[in-house]
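Report on the structure given below.
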Amino acid sequence: MAAEENKTRPTAVSVDDFIAGFENPRRREDAVASLKLYEEATGFPAVMWGPSITGFGTRHYRYESGREGDVPLACFSPRKPHMTYYLHSRFDGGPELYARLGKYKKSGGCVHINKLTDIDLAVLREIVARSFAHMKTHGLDLG
């Protein structure tokens, strides 16, 4: 049986063009602010992964089953209903930071934020930086 290829892979699509394509001005502004925040927190340039995920850095993974592939070390996706941030919470000080973040919803490794004015950007920046460091060290150990 052939190994299943990951659907979400880096593309040559321009991140700036992707963000400029949003009709909703607030979503576009939040995506630009998130782009800057992630570039500062990770030190990596943005790359589109699939049609809607903006990723920073790359890590190769391999499961015991033999499945393997590449994932961004940090990423977010500006979606119509909310901004989605793919973040870890298993790092020192995680619960305290999330308690100070502001208004958000969490599901699995995703944090959903309606608009950036609902949260503390400095806290989000710290969460992104710590999540990024966790991903570099521990890989796909989401939590």
(request) Would you check if His60 is closer than 12 Å to Val128 by Cβ and at pLDDT below 95? (result) no
(message) Could you check segment 76-103 and list, in sequence order, the residues that are among the small types (Gly, Ala, Ser), over 26 Å from Pro45 (Cβ atoms) and touching a strand residue (DSSP E or B) at 6+ places or on another chain (Cβ under 8 Å)?
(response) Gly102
(request) Of the numbered conditions (1) closer than 28 Å to Glu29 by Cβ; (2) modelled with pLDDT under 90; (3) part of a helix (DSSP H, G or I), Lys80 fails exactly one; give the number of that condition. (result) (3)
(request) Could you check how many residues of segment 32-64 are buried (at least 20 other Cβ atoms within 10 Å of the Cβ) and over 10 Å from Val15 (Cα atoms)? (result) 5
(message) As an exercise: evaluate Ser77 against (1) over 19 Å from Arg9 (Cβ atoms); (2) small (Gly, Ala, Ser); (3) under 14 Å from the mean Cα position of the chain (by Cα) and give the number of the one condition it does not meet.
(response) (1)
(message) So if I check each of Phe76, Phe56, which one is hydrophobic (A, V, I, L, M, F, W, C), in contact with a Leu (Cβ under 7 Å, 6 or more places away or on another chain), within 26 Å of Asp17 (Cβ to Cβ) and touching a residue at least 24 places away in the same chain (Cβ under 8 Å)?
(response) Phe56
(message) Is it the case, given these coordinates, that Arg67 is loosely packed, with under 14 Cβ neighbours inside 10 Å, in contact (Cβ under 8 Å) with a residue 60 or more places away in the chain, in contact with an Asp or Glu (Cβ under 9 Å, 6 or more places away or on another chain) and not β-branched (Val, Ile, Thr)?
(response) yes
(message) Within segment 3-28, take every residue that is in contact with a helix residue (DSSP H, G or I) (Cβ under 8 Å, 6 or more places away or on another chain) and over 30 Å from Arg67 (Cα atoms) and give me the one that is surrounded by the most Cβ atoms within 10 Å (Cβ to Cβ).
(response) Ile19
(request) Return yes when Ile119 is surrounded by 16 or more Cβ atoms within 10 Å (Cβ to Cβ), within 22 Å of Asn24 (Cβ to Cβ), touching a strand residue (DSSP E or B) at 6+ places or on another chain (Cβ under 9 Å) and in contact (Cβ under 8 Å) with a residue 12 or more places away in the chain and no when it is not. (result) yes
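The values are calculated or read from the model by the stated rules, or taken from the named source; none is laboratory data. These numbers were taken from a predicted model, which means no experiment stands behind them. All Cβ positions, glycine included, derive from the backbone under ideal geometry; neighbour counts span all protein chains shown.
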